[in-house]
Amino acid sequence: MIRLVQKSDIEELAQIYKELYDNADIGENWTIEKAYDLLIYWYEKQKDLFFEDIEDNIPVGAIVSGIKTWFDGLRLVDTEIFVLNKCQKKHIGKNLMIAHLKEAKIKYNVTMIEFHTYGKENEFPQNWYSRIGFEKDEELIIMHANVENVLNKLGCFEKDKMYKESNLEILNYSYKDLSILYSKLTKGDTAYIFDMLPEYAYLNSDLEKEYIESRIIAMKNMANVNLFIIGSEEKLNKLRNNELFEYTINSCGKNSKIYIIKVEEIKKNSINEFFQLAQGLYYGERKDGSKEVFRDLWSDNNNIGIMVKDESVLKYIQKSVDIIMQKINTGKIKAEVVSE
């Protein structure tokens, strides 16, 4: 008997789900608890399309899908269909599929159904899907990854965690605050500035222009300013005719350097460090309440961060900068270097 799943049956269905994947041997190690959590999720999300088959008052299989808006209408996605091993080849899967699709068509007028499966094309379950009209998508590729591993590969630094562990107060700076601080930099002070999207024409306010000009003041005051202009070839070319950018280039003091780097170049040769710095070192707050991500790393002559006070955080960020500098100096990252 096919019916909508009752919450009281989910524990038994979870056991079936676990048993199915234990026998499938595809590297998914389900526990009954995790299977239960998954099926409860589906029950709460889409119980109107969650069907089960009852034989001798015992659930022996189930099917459920989610609903997603797509370009061709509503689709059934992430479908789960599973049948107790000893009850397979009794048309239970067929009957579940019919009930599921009929209800989805009537209630939501769905146009397509899509889901993931496993195994060889000429073996169950793929050969069963093929017989009832499913086709393998030859264009889309399913990719998966461990989230922590991806974050590590991207050089993502857990700032919030380190701030919490070090009891570091998260600082907020406005453009005005930064301009004042830059203007005070002098010989013995160091600044590393990463302009990841160099489009000087966006500077449509006096405060933002003042911020750019204050960096030039720091150069003229003999501070050791390292300005990295990183962007696409198209955006870098636009800068060539920008008056404020030209003013910056012409104002580079003898203790300062400006590095012009194609973003593709630094991504190819220093991807971890690039994303570490691209995500920003701290947040500043504008007068209108909006946030700005700043990538300015400063240290004074005592080598203590002006913006980032916590030494463990500073050392982590400084390491990223050092790696980029080393690769530029050894030619691993091609850069146009401007200095006096």
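Bear in mind that the values in this text are calculations on the coordinates, not laboratory data. All of these numbers come straight from a predicted model, not from anything done at the bench. Please note: Cβ atoms are built from the backbone with ideal geometry, for glycine as well, and neighbour counts cover all protein chains shown.
Shape of region 1-68 from its Cα gyration tensor (a ≥ b ≥ c, root eigenvalues): rounded if a/c is under 1.5, otherwise prolate when a/b > b/c, or oblate?
Verdict is oblate for region 1-68.
If contacts are Cα pairs under 8 angstrom and at least 6 residues apart, what is the relative contact order of region 34-78 in percent?
Once divided by the residue count of region 34-78, the mean separation gives 26 percent.
Give me the net charge for the shell around Lys7: Cβ to Cβ below 15 angstrom, other residues only, Lys and Arg +1, Asp and Glu -1.
-4
Report the net charge of residues surrounding Ile32, where surrounding means a beta-carbon distance below 12 angstrom and charges are Lys +1, Arg +1, Asp -1, Glu -1.
-4
So which GluC sites (Glu not before Pro) in region 16-56 are both in a DSSP loop and have at most 14 other Cβ atoms within 10 Å of their Cβ?
For GluC sites (Glu not before Pro) across region 16-56 that sit outside H, G, I, E and B with at most 14 neighbouring Cβ atoms in 10 Å, the list reads Glu28.
Among the listed pairs Lys184/Lys220; Lys257/Lys334; Lys267/Lys327; Lys262/Lys334; Lys34/Lys94, which have their C-alpha atoms separated by more than 19 angstrom in this model?
Lys34/Lys94
Over region 1-122, what number does the Rg to Rh ratio reach, with both radii from the alpha-carbon atoms and Rh per Kirkwood?
Value, to two decimals: 0.95.
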